[in-house]
Each structure stands twice: as structure tokens, then as C-alpha cells.
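Only the coordinates and a few stated rules stand behind these numbers; no lab work does. This structure is a prediction, so every number in the text was calculated from the model and none was measured. Positions of Cβ are generated from backbone atoms using ideal geometry, with glycine treated the same way; all protein chains shown enter the neighbour counts.
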Amino acid sequence: MNPLHTVAKIRAIEQAAAASLPSGVLMQRAGQAAANTALDMLPAAAGGARVLVLAGPGNNGGDALEAAAHLALAGARVSILHYAAAAAGSPERQAALQRARSSDAQFVDYHGELLPSQPWSLVIDGLFGIGLQRPLAGEFRQLAAQVNTLHTQILALDVPSGLDADTGTVVGPHGVALRATRTLSFIADKPGLHTADGRDYAGLVDVASLDIDCALLPPARLHLNDVRYFARHLRSRRQNSHKGSYGNVAVVGGADGMAGAPILAARMALHAGAGRVYALFAGTALPYDAGQPELMCRSAAGYDYSSATIVAGPGLGASAHASSLLAGMLATDTPLLLDADALNLVAGDSALQTALRTRPAMAVLTPHPLEAARLAGCSIAEIQSDRVHAARQLAARFNAIVVLKGSGSVIASPAGEAVINSTGNAALATAGTGDVLAGLCGSLLAQGWPQWQAALAAVWLHGMAADVLVAEGGNAIGLTASELIPAIRAAINRMAMHHAF
Ligand SMILES: NC(=O)C1=CN([C@@H]2O[C@H](COP(=O)(O)OP(=O)(O)OC[C@H]3O[C@@H](n4cnc5c(N)ncnc54)[C@H](OP(=O)(O)O)[C@@H]3O)[C@@H](O)[C@H]2O)[C@H](O)CC1
Ligand SMILES: [K+]
């Protein structure tokens, strides 16, 4: 459905496709697709629209040259900043250059005043694509930084120049990348456009297949998250049912001074449809939750952990008592999600790691990058340098489903399947949203969802609710985790309306 392919895979596909086509056809198709997208971005009448085309030394630049010729033909006023290819460049690029030279497009030279001097309607970034080998430097760096200051639309061809197409990191150190409004990626979508810095630099991503035969596309082990991967697990409610039909969730956390975290997770579990929800406290248990009296507040000690789906970690703390509680939970075979302090306890205790790895019922882990770094025994920078790889490594190491949170959360299975989430926004960067995600996923597990689909759905719904709240309420700043809870319930019911049976 939404495959994501690495640069290596794209190269192989491109090579196989080019072998069965006349020289240059793929680049001409890419140029045409780019011109069509550019025209979508321009005011209705392209005539008079000022378009600046940045054509780099490789075939990404070739795509840009092809697009420039088409846009000039469509009546746009096209200026081309051309960076000549080393030697003569590929034959297809030479032909593209010839077509651009024969068009009404004007070739211009770069100077500091070029960009601010014109009211550009659109800048097309054809500097570098999947061939970027090192950080942008010299004039390329200066140009990228200057383009980023323009208040105009930027269409990146294939990949925003300066961004690593596999990992979504800006190629550095201290690298610069073009911040695109839209990216038109060729042949297939790429993971780096959707995780790490990718979402900030790629903008809205479209894919032009270049009419390559699907048979040439290998099966993908990496996908972009989609409702279709999990919606079939949503069940409409039978009248003849009772709260026991929808499972029990036990949220275990709440060391003294951290009672809010389990309450957020427990409230979310209830609003996501679990039949009964317990908030279990490692510290002094609240007598009840005045804001949600439906929750049953208890001490975590002495609870029968085999009787509920466990969400362990929110505010659990790092005490020996917490560690002993966790060991008891790991010893059960009930559905289990580990978040926050539960992950930190595992990271620091080899016995807990063994118990997790050998547990018959696969757990779900929901680390943010720092918790992932602790579990992996590496730095945050290493985790973030290749998030898909990091998530897969942790999933294999702990034989668990791993949700590596962040921009473009990555969900990975021990077998190496991975999904990058496609919803959510920076409003989620606030206290308690991780507790809400943990409670949401735990609630789906309690209602019988398999671990993989529960993780995909929870991450997708969590992000979708934030997208709706920001789109409708505009509060990208100051959104609170508590506001997410009813919005996620609404997203679940919208999804159920369309997909449940
Ligand atoms: N081949 C086809 O039919 C199609 C290709 N597509 C487009 O092609 C690019 C990939 O093209 P490629 O030439 O492999 O790579 P790039 O255009 O991205 O650029 C690589 C060239 O730039 C040099 N380079 C790399 N990094 C830097 C840098 N930081 N600063 C300066 N120069 C850099 C590199 O040469 P070096 O030897 O210096 O490394 C290359 O010359 C792909 O992204 C598509 O846009 C389409 O898919 C259509 C069909
Ligand atoms: K580009």
C-alpha cells in the first residue's frame, strides 16, 4: 500500500527500468511530472509567474532542466541557475540541458542579490537528489540557506537537497538543507521524507511512479502507516455485551509525586473503550480520581497482574519496589506495554531484560529517543541518526514491538517489519502525551487487538487527534495531553464509523 524504499533499492529499480526503456525516458517523465506539480502550485495562469529553477550537477539537475523547458513552454518566466555536470554528465542530462537551452528559459548566474531581487512565485530544487554524498558546502550551502529565507513556495525534486533520503537527517555535521513546501519524489516514496527532520524539510510529499512496471518494485519491509493496516480490528459494539466484553486495563505507575501520569494513561484507556480500568500506584494510592471516578485506584502491591492488560511505567519511578513490581508483571503472560520508567528499569537491569526477551507474550515498548538510547546503550544522536534501524534493533533485541516516538514515529517488529507513522505534529511535544499513547495502546490490547495492529493504530490515532485539534483549534502551542483524550475517542469513533463491522 504505502511502500518506502531506500536509496539502494531505488537505484536498483531505476537501473532495471532504464534498461527496458529508451535513454532519457525516465528523466523526461520526471521532468514532465515536476512541471505538472509546479503548475499546480502556480497561480492559475502560469504566464508571468516567475520560476527559479536550481539545476544541480547530477541527474536531479537533469530532472529540473526538463521541468524548466516544460514550464517555459507553458508561459512561465523561468530562470535557471545551472551547475554544470562534472565532465558532461549523463547522456539524458545532456539532452535535458539541450532542451532547456532551446526553450525560452533564461540561464542566470548566482549572486547575492539574485534571489531577493525578484518576486519568485516558485523555486524548484533540483540541486541534489538521492546522489547527495556529503553536506552542502560553498555556494550550494549559501544558496540553500538563502532560498530558505524566501517567502515563496519551494518544490523539491525527489528529495529536498541536503536531506538524507534514507534517514531523514540533514547531512552534516552542521548541515543545511532546503526546506520545501512540497516534495515530488520519483519512482517510490522514501523513508527520509517522513521521519527525523524529513517532515520539516519535505513538506507535503507526492510520488511520481514514472510509470515504472510494478513488477520491478521489490516487496517492501518498510511502509508509511495507514488506517488500512489496522482498521479491520475495530469492532462495532454488540448490544448484547457488557464491560467485561471490552477488557481490563491496569496502569501501573504513580510513585509519590508522579500520580498524574498513570491517571492520564488510565483516563485514555477508559476513553478508548476498555471495560474496566485500574490505576495502580507504586507510591501512596489516590483514594479515587475526582475527574474520572470511573477509574479504580489501588495500591500496585498485591494486585493480580494476570487479570488485566498491563500498562507499566507512567510515573513508576526507579525504586527497588518498582523494579520488583515490574519483575512480577514480566512473569505473567498477559498483554503488556512498557513505557517511561518501566523502560528505564529494564535498561538498567539485565535480569529484567532477560525476562522481557524470553516472555511468551510479546510486549509493546514505547520509548522516546532518550529511553531508546538507554535501552540500546548508545547516545540519542545514534538513535536519531537512523531511527528505522534503531527501532528494528531494539525490537529484535527484546523480542518486542517497538514504537520509537518522535517526528515520524517508527513502529518495528522483531522480524524487521517497520512502519513510519504519517500523522501528528509538534503540538504533541508536551508533558503527558506519552502517557496518553501508552494508555491508548493498552486499551486496544485489552480489547483484543494484536500487538502489531494495536501499536500502529495507537500511534496513528494519537497523531490524527493532534492534527484535528490543531486544524480546528489552532492551538499548536499549548495543547495539553488531557485535551488529546476526548479527541482520540472522537477519532476512534470516526474510524469505527467508516471501518468497523
Ligand atoms: N537516472 C535516471 O534516469 C533518473 C534519475 N532521477 C533523478 O536522478 C537523481 C539521482 O541522480 P544522481 O546524478 O545519481 O545524483 P544527484 O543528481 O542527486 O547528484 C549527485 C551529483 O552531485 C555530486 N554531489 C553529491 N553531493 C554533493 C555535494 N554535497 N556538493 C556538491 N556536489 C555533490 C555528485 O558528484 P560527486 O562525485 O561530487 O559526489 C554527483 O555528480 C534522483 O534523485 C532523481 O532526481 C529520476 O529518478 C529520474 C530518472
Ligand atoms: K532536490
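At a glance:
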item: Sum of side-chain charges, Gly313 neighbourhood, beta-carbon under 11 Å (Lys, Arg +1; Asp, Glu -1); result: -4
item: Zero-based 5 Å bins, Cα pair distances in segment 7-220, whole percents; result: 1, 8, 17, 22, 21, 17, 10, 4, 1, 0
item: Calculated FRET efficiency for the pair Asp206/Met497, C-beta based, R₀ 41 Å, to 0.05; result: 0.90
item: Cα convex hull of segment 238-287, projected area averaged across orientations, nm²; result: 3.5
item: Estimated inter-spin distance, Arg141 and Ser23, nm [label 7 Å along Cα→Cβ]; result: 3.6
item: Relative contact order (%) - criterion: Cα under 8 Å, at least six apart; region: segment 7-220; result: 19
item: Whole-angstrom gap from segment 10-51 to segment 217-284, using each part's C-alpha centre; result: 45
item: Environment charge at Gly260 (Cβ cut-off 11 Å; Lys +1, Arg +1, Asp -1, Glu -1); result: -1
item: Segment Ala415-Cys214, length gained on full extension (0.36 nm per residue, minus Cα span); result: 69.9 nm
item: Length gained when the stretch Ala351-Ser102 is fully extended (0.36 nm per residue, less Cα-Cα span); result: 82.5 nm
item: For the chain: relative contact order, % (alpha-carbon pairs under 8 angstrom, 6 or more apart); result: 12
item: Surrounding net charge for His151, when Lys and Arg each add one and Asp and Glu each subtract one, Cβ distance under 15 Å; result: +2
item: Backbone HN-Hα couplings from phi across segment 288-301 [Karplus 6.51/-1.76/1.60, Hz, Gly and Pro as x]; result: 6, 9, 4, x, 8, x, 5, 6, 9, 8, 9, 6, 6, 6
item: Span per principal axis, largest first, for the Cα atoms of segment 227-496 (Å); result: 45, 41, 35
item: Anchor Lys405: lysines whose Cα lies under 22 Å away (excluding residues fewer than 8 positions away in-chain); result: Lys190
item: Relative contact order of segment 300-373, defined on C-alpha pairs under 8 angstrom at six or more residues apart (%); result: 33
item: Highest average packing first - 276-284, 3-11, Cβ atoms within 10 Å; result: 276-284, 3-11
item: Tail fraction, Cα-Cα pairs, the chain, threshold 38 Å, whole percent; result: 34
item: Cα coordinate range in segment 57-112, projected on the principal axes (Å, largest first); result: 31, 28, 16
item: Angle in degrees between helix 260-271 and the longest Cα principal axis of the chain, rounded to the nearest 10; result: 80
item: Segment Ala84-Ala45, extension gain: residue separation times 0.36 nm, minus the distance between their alpha carbons; result: 10.9 nm
